[in-house]
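Input: a single structure, listed below in structure tokens.
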Amino acid sequence: MAEAIQKKLQSELEKYQQMQKDVSKSMSARQKLEAQLTENNIVKEELDMLNSQNTVYKLIGPVLVKQDLDEAKATVAKRLEYINGEIQRYETLLKDMERKSEQHREVLASLQQEYQRAQGRAVGKV
Amino acid sequence: MAVNLTELSLPQLEGLKSQLEQETEFLTSSIGQLKVVQTKYVEAKESLSVLNKSNEGKELLVPLTSSMYVPGTLNDVEHVLVDVGTGYYVEKNVEDTKEFFRRKIDFLTKQIEKIQPALQEKHTMKQAVIEVMNMKLQQLHSQQTSQSSMTKA
């Protein structure tokens, strides 16, 4: 009896640890997005300060390519939109994961109690 | 903080201390990084002063690689290309570029000023935790010695 519960506890614990790993992976992905958002916001600010006399170049590989200011602005705006969307997506994902690991913690706690009880019974019998 | 430090147990204090240590370390390295970037901007801004009318048309050596240079002449002392981030470069005149660097340096100064008080706060908190830990350890020690002397007696 106690052994069966112990096995279950072990497998649940492994599942939980895997889940925590996923959470931290998503966390760091989110942080990376945050950094990209900041950088793109800075670029947007700079581009907004320019006038038509300034020439904008885009670095593609090792080559600088002349680009239209409006086009560059549009690209950055689109990128910001995309990053914000991604952050939102990760936000909901993380919330969901948080909820799931909360539930999992409860399952683990009750399993642990069950295991302790079973162990106590086994000792009592002997 | 609402929690009274003296009510925490030694292992809890130990945990709190290492957490605060991590946080101070993170903040210190952040400030360090910001300062490095700031120095880069300051240097870039200073190097702009070479681009003036009296240097126009002068000869200079252009680095093709870090170990090979080719001769060239300084044709344009009015325009520079500035990296504004995410692969975008903008052609600006020297005055605007100086303004750009000034803005960046100001921005970084503000960020550093934002972090500094947080770091200070964490530091004081860590100090307080260490103090309480020492106190508890001493208490424990005196208890033990008084106990052992009692058993001897």
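All of the numbers you see were taken from the coordinates with simple rules; none came from a lab. Please read these numbers as outputs of a predicted model, since none were measured by experiment. Positions of Cβ are generated from backbone atoms using ideal geometry, with glycine treated the same way; all protein chains shown enter the neighbour counts.
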For A:66-76, mean number of other protein chain Cβ atoms within 10 Å
1
Charge dipole magnitude, Cβ of K and R +1, D and E -1 - the protein assembly as shown, Cα centre, debye nearest 20
1320 debye
From the backbone phi of the stretch A:37-45, what are the Karplus-calculated ³J(HN,Hα) couplings (6.51 cos²θ - 1.76 cosθ + 1.60, θ = phi - 60°) in whole Hz, Gly and Pro given as x?
4, 4, 4, 5, 5, 5, 4, 4, 4
What value in Å³ per residue do you get for the convex hull of the alpha-carbon atoms in chain B?
191 Å³
Could you work out [θ]222 nm for chain B from helices alone, using -39500 (n - 2.57) per DSSP H run of at least four and dividing by all its residues? Round to the nearest 500 deg cm²/dmol.
-23500 deg cm²/dmol
Can you give me the orientation-averaged projected area of the convex hull built on the Cα atoms of the protein assembly as shown, in nm²?
27.6 nm²
Determine which aspartates and glutamates satisfy two conditions relative to B:K53: a Cα distance under 16 Å, and not lying fewer than 8 residues away in the same chain.
B:D76, B:E78, B:E95
Compactness of the stretch B:73-123 - radius of gyration and Dmax, Cα, Å
16.5, 54
Once the mean 1/r over all distinct Cα pairs of the stretch A:1-73 is inverted, what Kirkwood radius in angstroms do you read off?
16.8 Å
Separation of alpha-carbon centers, the stretch A:106-124 and the stretch B:128-147, rounded to whole Å:
37 Å
Here, B:S49 and A:H104, labelled 7 Å along Cα→Cβ, have an inter-label distance in nm of 5.9 nm
I'm a student and want to see the number: the projected area of the Cα convex hull of the stretch A:1-124, averaged over all directions, in nm².
10.5 nm²
Two decimals, Cα atoms only, Kirkwood Rh: what is Rg/Rh over the stretch B:29-108?
1.02
Return the inverse of the average 1/r over all pairs of distinct C-alpha atoms in the stretch B:7-58, which is the Kirkwood hydrodynamic radius, in Å to one decimal.
14.9 Å
In the structure displayed, which of A:K44/A:K66; A:K32/B:K98; A:K58/B:K58; A:K78/B:K110; A:K78/B:K40; A:K32/B:K122 lie more than 20 Å apart, Cα to Cα?
A:K32/B:K98; A:K58/B:K58; A:K78/B:K110; A:K78/B:K40; A:K32/B:K122
Just report the Cα centroid separation between the stretch B:20-50 and the stretch B:51-91, whole Å.
25 Å
